[in-house]
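Structure, as structure tokens:
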Amino acid sequence: MNDASQCNQLSDEKLALKVAAGSRASFEELIHRYSPRLFFFLRHKAATNQDIEDLIQETFLKAFLNIDRFEPERKFSTWLYTIAIRSAISHHRTKKATRSHTVSISPLPDPQEVLIQKEESRNIWNLARRLKPIEYEALWLHYGEDMSVKEVAKVIKKTQISVRVLLHRARLNLAKMLSKSATYEKLAGPEPVEHKLSFL
């Protein structure tokens, strides 16, 4: 079994330790696992697809340069998403003076974008993106990334009580949007909103 095949079988945390020990294949495996997820998570934090890609590259670069600081008893995703959020904040600060409110759309469909759009068509995350950014972050990290309330609190730097309040508000607001969504009613038919939100 070659190094790449072995990497496929390892947890994120073990891969991180191997990266710290000098394994390039392990780092490439982490990039493969997290690039689409980071793209989806950072969509509401950047105006263009290029900005999102830049943020993803910056996140992985910072993770690589600081991999020796990763604590194996922690969840790797929590650590990586913390870096991603900090990178996004830094990105907004540097572009604040000249940032445009116009969202540019690439004339050619990006394969990754197409993949995400297909996924969105099968769930309600596209609607969740209309929530306040902080509510969306909490919702995505908790349900999309399966992080505990404690882990979400560490990433977004809020208390656990605040996270629970954010999740509660996000669920209520999302339920309201679902009940008003003509698209949802067309796709879901008579199925009650409460059932659709069972994962929440």
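Please treat every number below as a calculation from the coordinates, not as lab data. Because the structure is a prediction, the values reported are computed rather than measured. When we count neighbours, we look across all protein chains shown, and the Cβ atoms used for this are built from the backbone with ideal geometry, even at glycine.
In this structure, Arg169 and Arg69 have a Cβ-Cβ separation that, at R0 = 30 Å, corresponds to a calculated FRET efficiency of about 0.35. Look at where the Cα atoms of the stretch 124-156 and of the stretch 22-70 average out, and the two centres are 18 Å apart. Pairs over the 20 Å Cα-Cα cut-off, from the set Lys75/Lys158; Lys62/Lys150; Lys18/Lys45; Lys75/Lys150; Lys14/Lys158: Lys62/Lys150; Lys18/Lys45; Lys14/Lys158. Each residue in Arg86, Arg37 was given a count of other beta-carbon atoms within 10 angstrom of its own, and listing them fewest first yields Arg86, Arg37. Computed extension gain for Lys157 through Asn8, at 0.36 nm per residue and net of the alpha carbon distance, reaches 50.5 nm. The fewest-to-most ranking of Asp146, Asp51 by surrounding Cβ atoms within 10 Å reads Asp146, Asp51.
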